[in-house]
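Here's the structure we're looking at; comments come further down.
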Amino acid sequence: MLLVRKAVRTAVWTNLCRPFSASQTHPDKRKGLVLGVFEKEGEKGGLQLTETAADFDQSLSGKLSELLEISRPGLKKGKSRIFYGIHKDFPCVAVVGLGKSRAGVCNAENWDTSKENIREAVSAGCRLLQDMEVNHVEVDSCGDAQSAAEGAILGLFHYDQLKSKKKTKVTTQLRGSADAEGWEKGVVYAEGQNLARLLMEAPANHITPTAFANTIEEKLAPYSDRVAINKRSQAWIQEQKMGAFLSVSKGSEEPPVFLELHYNGSPDSKQPPLLLVGKGITFDSGGISLKPSPSMDAMRADMGGAATVCASIVTAASLKLPVNIVGLAPLCENMPSGKATKPGDVVIAKNGKTIQVDNTDAEGRLVLADALCYGHTFNPRAIVNVATLTGAMDVALGSAATGVFTNSDWLWGQLYKASVVTGDRVWRMPLFHHYTRQVTDSQLADLNNIGKYSRSGGACTAAAFLKEFVTAPHWAHLDIAGVMSNKDEIPYLRKGMSGRPTRTLVEFAAGLAHSG
């Protein structure tokens, strides 16, 4: 009797796990479904269906539960199983493990574990169905529709614009109508990060300073009633006496662009804006201080700061956030040539300070210096600059978190709170006067762009250099060099440029908007 029962269970399991053929469903309508299950508390291997999964199971008279029981052991967090032919509308059903149902905020990890589990699980399910060439997926909210949407949209992104063979394009929608608003918000957040990923991943001959500015102008066109765009030319940059910025751009044949964005979302037109400044080096060869050739191709993403800043403003405009934002992106290439700045040259920044350029590969702080000086003219309520600034930050924190240097406890608290929600962690770094002494120790000028001890505390001395161009009481410098790309550290992001921390910037701006 036991052998017969086992044979029946095996036959059922084999039949329902057999991949579907094109003849089983309309070729133009390959639909899939992603459902979540939690680990049942106190029961090893036990599973608890989400509300949406339970409703689906009930419509099948318990068939899904039966299959999950047959397919033991239980689904661990982030793992998935796919079932075929169990529902006439969905030839493929992916069931994903969500971990514990009440994981909540983890202070040790500095994120909301429940939200991260949902992003990871939904991403895994959507990718699995994409691999089966399913082109439309309905997604279980798993109790948090925004996180589910983020997992789906971020997980499906793949840069294949320049390849002849492309992955199946998948559209997604929320299963049911519960929290449709949260789902749409998650879609917009994720699409914002994907815009940053798209810009960072594209080759440098496709995303020049001019092309970058034109792309952002195109993305902001639907919001022209709330957004003003200024693409400042080299002549304007010269008029502004941005000598530090021009010292970087002068080696390239590509003209620099100073991109200035104004998003006016607040009903109070006199509300001081949030100022976001992003480093926009569209390709960084190192200049005369030439980088080693291995991995130099990754320096197409050295405009990651500008990409995340501009993408966050596009997202804020899409969400109609009631806040005023000014975005600045000094865009140029850093290239060697007979016109390029040479090690030992002295340049003059917009605020009149002289800078001895001992290393032309420490160029990001130069373009940011002039942008920060200019940004103060808007009397911002807070300043946040974002940059893939130093390899030292990658050494210090790796890809685990963005390093934050700030002169404001209040601003740090706002950024930290936003990062817990998005799962895109930040970590506060020291801004000691010790580092200021290093950058002000120059033989020829007021400042040196690499500091007295160039290999020691590199990320900290870079932050100290930027601080010399800041007078505002609420300023933060985000060094994103370590989080620029993703290998497999963030499960719901494919290998490639990460677009981090776009969603954190958006959540931060939203927090300011709602806090008044």
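The values are calculated or read from the model by the stated rules, or taken from the named source; none is laboratory data. These numbers come from a predicted model, not from an experiment. Using ideal geometry, Cβ is built from the backbone for each residue, glycine included, and neighbour counts are taken over all protein chains shown. Heads up: the accessible areas ignore ligands, DNA and RNA and are worked out on the full protein's heavy atoms, side chains in. Shrake-Rupley method; radii C 1.70, N 1.55, O 1.52, S 1.80 Å.
With contacts taken as Cα pairs under 8 Å and at least 6 residues apart, the chain reaches a relative contact order of 14 percent.
Here the gap between ASN110 and LYS417, fully extended at 0.36 nm per residue and compared with their Cα-Cα distance, gives a gain of 109.6 nm.
Rolling a 1.4 Å probe over the protein heavy atoms leaves TRP412 with an accessible area of roughly 50 Å².
Per residue, how much accessible area does the chain have with a 1.4 Å probe, in Å²?
42 Å²
Label the stretch 178-231 by shape, choosing from rounded, prolate and oblate, from the square roots a ≥ b ≥ c of the eigenvalues of the Cα gyration tensor; if a/c is under 1.5 it is rounded, and otherwise prolate applies when a/b is larger than b/c, oblate when it is not. Judged from the Cα gyration tensor, the stretch 178-231 comes out oblate (a/c at least 1.5, b/c at or above a/b).
About the centre of its Cα atoms, the stretch 108-263 shows a dipole size close to 580 debye [charges on the beta carbon of Lys, Arg (+1) and Asp, Glu (-1) only; nearest 20 debye].
Residues of the stretch 218-249 with the amide nitrogen closer than 20 Å to a label point 7 Å from the Cα of THR377, along Cα-to-Cβ, please. Answer for the stretch 218-249: 227-249.
With the cut-off at 1.5 for a/c, could you classify the stretch 277-388 from its C-alpha gyration tensor as rounded, prolate or oblate? Cα axes put the stretch 277-388 in the oblate bin. A simple spin-label model places the labels of ASP268 and SER61 6.3 nm from each other, with each point 7 Å out along Cα-to-Cβ.
Let's test the formula: R0 of 51 Å, r as the Cβ-Cβ distance of ASP409 and ASP89. What FRET efficiency results, to the nearest 0.05? Computed FRET efficiency for ASP409 and ASP89: 0.45.
Close amide-amide hydrogen proximity is noted between SER289 and THR360, ASP361, each under 5 Å apart and 5 or more residues distant or on a separate chain (H modeled in the peptide plane; Pro and chain starts excluded).
Rounded to the nearest 0.05, the FRET efficiency derived from the C-beta distance between ASP441 and LYS79 at R0 = 60 Å is 0.65.
Positive end of the dipole of the stretch 61-104 (Cβ unit charges, origin at the Cα centre): among GLY99, GLY62, PRO73, the Cα lying farthest that way belongs to GLY99.
Please list 413-426, 94-107, 230-243 highest first by mean number of surrounding beta-carbon atoms within 10 Å per residue. Working shown, then result.
Values: 413-426: 21.0, 94-107: 18.6, 230-243: 16.5.
Highest mean packing first, the order is 413-426, 94-107, 230-243.
About the centre of its Cα atoms, the stretch 25-153 shows a dipole size close to 340 debye [charges on the beta carbon of Lys, Arg (+1) and Asp, Glu (-1) only; nearest 20 debye]. In the chain, the longest principal axis of the Cα atoms and the axis of helix 2-16 are about 50 degrees apart. Dipole size of the chain about its Cα centre, with +1 on Lys/Arg Cβ and -1 on Asp/Glu Cβ: approximately 1020 debye, rounded to the nearest 20. Here the accessible area is traced with a 1.4 Å probe on the protein chains. For the chain, carbon and sulfur cover 51 percent of it.
Estimate the FRET efficiency between LYS452 and LYS291 by the formula 1/(1 + (r/R0)^6), using the beta-carbon distance for r and 22 Å for R0, to the nearest 0.05. After rounding, the FRET efficiency stands at 0.45. Hey, what angle do you get for helix 209-220 against the long axis of the chain, alpha-carbon based, 0 to 90 degrees rounded to 10? Its long axis makes an angle of about 50 degrees. The residue list LEU220, LEU275, PRO256 was ranked by how far each Cα lies along the charge dipole of the stretch 216-276 toward its positive end, using unit charges on Cβ atoms, and LEU275 comes out on top.
Given a cut-off of under 8 Å on Cα pairs at least six residues apart, what relative contact order in percent is computed for the stretch 389-508?
Reported as a whole number, the value is 39 percent.
Backbone amide hydrogens, once placed in the peptide plane, bring LYS79 within less than 5 Å of GLY97, excluding anything fewer than 5 places away on its chain.
Against the main long axis of the alpha-carbon atoms of the chain, helix 180-201 sits at an angle near 50°. Loop-only trypsin sites (Lys or Arg not before Pro) in the stretch 324-364, please: DSSP not H, G, I, E or B, and at most 12 other Cβ atoms within 10 Å. Loop-located and lightly packed - LYS339.
Computing semi-axes √(5λ) of the Cα gyration tensor in Å directly from the structure and comparing it against (1) 52, 24, 19; (2) 47, 22, 21; (3) 49, 39, 19 singles out (2).
Over every Cα atom in the stretch 408-516, the radius of gyration and the widest Cα-Cα span, Dmax, amount to 16.5, 49 Å.
For the stretch 142-297, the gyration tensor built on C-alpha atoms gives an oblate shape. Its axis ratio a/c (a ≥ b ≥ c) is at least 1.5, and a/b is not larger than b/c.
When the Karplus curve 6.51 cos²θ - 1.76 cosθ + 1.60 is applied with θ = phi - 60°, which whole-Hz ³J(HN,Hα) does each residue of the stretch 289-295 get, with x for Gly and Pro? So the Karplus estimates, Gly and Pro as x, are 7, 4, 6, x, 5, x, 6 Hz. Given LYS88/LYS167; LYS241/LYS467; LYS163/LYS279; LYS320/LYS417; LYS279/LYS350; LYS279/LYS320, which pairs have Cα atoms separated by over 27 Å? Where the Cα-Cα span goes over 27 Å, the pairs concerned are LYS163/LYS279. Along the axis of the charge dipole computed for the stretch 151-207 (Cβ charges of +1 for Lys and Arg, -1 for Asp and Glu, origin at the Cα centre), the listed residues TYR189, ILE153, THR168 are led at the positive end by THR168. Spatial offset of the stretch 287-315 relative to the stretch 168-231 amounts to 18 Å, using the alpha carbon center of each.
Placing a pseudo-label 7 Å from each Cα along the Cα-to-Cβ vector at GLN173 and THR354 gives an inter-label distance of 6.7 nm. Among 374-380, 272-278, 83-89, sorting by the average number of other beta carbon atoms lying within 10 angstrom of each residue, highest first, gives 272-278, 374-380, 83-89. Ranked by the mean number of other Cβ atoms within 10 Å of their residues, highest first, the peptides 283-293, 463-473 come out as 463-473, 283-293.
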